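Notes follow once the structure below has been shown.
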Amino acid sequence: MEGRILYFDRPGKINTDATLTITREMAKELNIKQIVTASTHGMTAKRAWELFQGLDIEIIAVSICASFDDLGWTMTAEERRQLEELGIQVLTSLHTLGDDVNDAFGVLSPNRIVRETLYTFSQGMKVAVEIALMAADAGLLDMSHEIIAVAGSGSGADTAIVLKPAYSRKFKELRIQEILAKPRSG
């Protein structure tokens with residue numbers, strides 16, 4: 001079996017359309033019905049919705065948790081409403097791989113070890129795995145099928161992976177089946 005990985009020279013939102021295009025192609029090829037995308041203010045989820053028109057694909061947007069409101073990173077009620085009007089489910093919850101009580105005390109916990117390991121691939125790889133876990137834990141995924149998780153570095157999308165989802169408490173069952181796109185650096 002041969003596959004294709006799209007590598008970007010640099011991370012960031014400039015790669016959003018290319019990442020979502022390869023996601024669309026692979027979703028069609030693999031008959032994937034659910035896409036989970038990180039979307040701080042809705043831009044990536046809206047763009048996915050535009051590009052996936054005509055396909056029977058459910059889009060789940062995972063926004064950053066409310067503890068980052070002081071940094072301006074949280075989705076507004078209006079941004080959420082706009083996504084939901086398009087039929088996009090929006091999930092906001094505690095980050096599975098960190099930013100929890102352990103971080104408040106500087107504890108080196110298993111979720112932090114997983115997080116730091118995934119960062120060695122890219123920020124988007126860490127976020128893609130994390131949002132898949134979050135969506136699974138929220139009961140939003142069909143756990144019997146593969147999904148595609150889309151994330152990025154900062155804003156936009158530069159990473160996409162096909163994975164067999166798992167719940168956080170069963171993390172060792174999660175399988176990254178294919179890497180579709182990622183930045184080479186960053």
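The values are calculated or read from the model by the stated rules, or taken from the named source; none is laboratory data. As the structure is a prediction and not an experimental result, all values here were calculated from the model. Note that each Cβ is placed from the backbone with ideal geometry, even for glycine, and that neighbours are counted across all protein chains shown.
If K33 satisfies all but one of (1) surrounded by 17 or more Cβ atoms within 10 Å (Cβ to Cβ); (2) modelled with pLDDT of 95 or more; (3) touching an Asp or Glu at 6+ places or on another chain (Cβ under 8 Å), what's the number of the condition it fails?
(1)
Hey, could you check segment 70-107 for residues that are touching a Lys or Arg at 6+ places or on another chain (Cβ under 7 Å) and within 16 Å of A132 (Cα to Cα) and say which is modelled with the lowest pLDDT?
G98
Name the residues in segment 44-73 that are surrounded by fewer than 18 Cβ atoms within 10 Å (Cβ to Cβ) and either hydrophobic (A, V, I, L, M, F, W, C) or touching a Phe, Trp or Tyr at 6+ places or on another chain (Cβ under 7 Å) (or both), would you?
Across segment 44-73, the qualifying residues are L51, L55, C65, A66, F68, L71, W73.
If we keep just the residues of segment 129-161 that are modelled with pLDDT under 95 and among the hydroxyl-bearing types (S, T, Y), which is surrounded by the most Cβ atoms within 10 Å (Cβ to Cβ)? Explain how you work it out, then say what you get.
Going through segment 129-161, the residues modelled with pLDDT under 95 turn out to be 153-156.
Now drop any that are not among the hydroxyl-bearing types (S, T, Y), which leaves 153, 155.
Working: S153: 24, S155: 16.
Among them, the one singled out is S153.
Any residue in segment 1-29 that's in contact (Cβ under 8 Å) with a residue 24 or more places away in the chain and surrounded by 14 or more Cβ atoms within 10 Å (Cβ to Cβ): show its pairings with residues that are acidic (D, E) and in a loop (DSSP other than H, G, I, E, B) at Cβ separation under 7 Å, as long as the two are six or more apart or on different chains.
Qualifying pairs under 7 Å: F8/D158; P11/D158; G12/D158; N15/D158; T19/D158.
Which one of A149, A157 is under 18 Å from M43 (Cα atoms) and in contact with a Ser or Thr (Cβ under 7 Å, 6 or more places away or on another chain)?
A157
If the requirement is being surrounded by fewer than 24 Cβ atoms within 10 Å (Cβ to Cβ), in contact with a His (Cβ under 9 Å, 6 or more places away or on another chain) and either among the basic types (K, R) or in contact (Cβ under 8 Å) with a residue 12 or more places away in the chain (or both), which of these qualifies: K164, K126, K172?
Being surrounded by fewer than 24 Cβ atoms within 10 Å (Cβ to Cβ), in contact with a His (Cβ under 9 Å, 6 or more places away or on another chain) and either among the basic types (K, R) or in contact (Cβ under 8 Å) with a residue 12 or more places away in the chain (or both) holds for just one of K164, K126, K172, which is K164.
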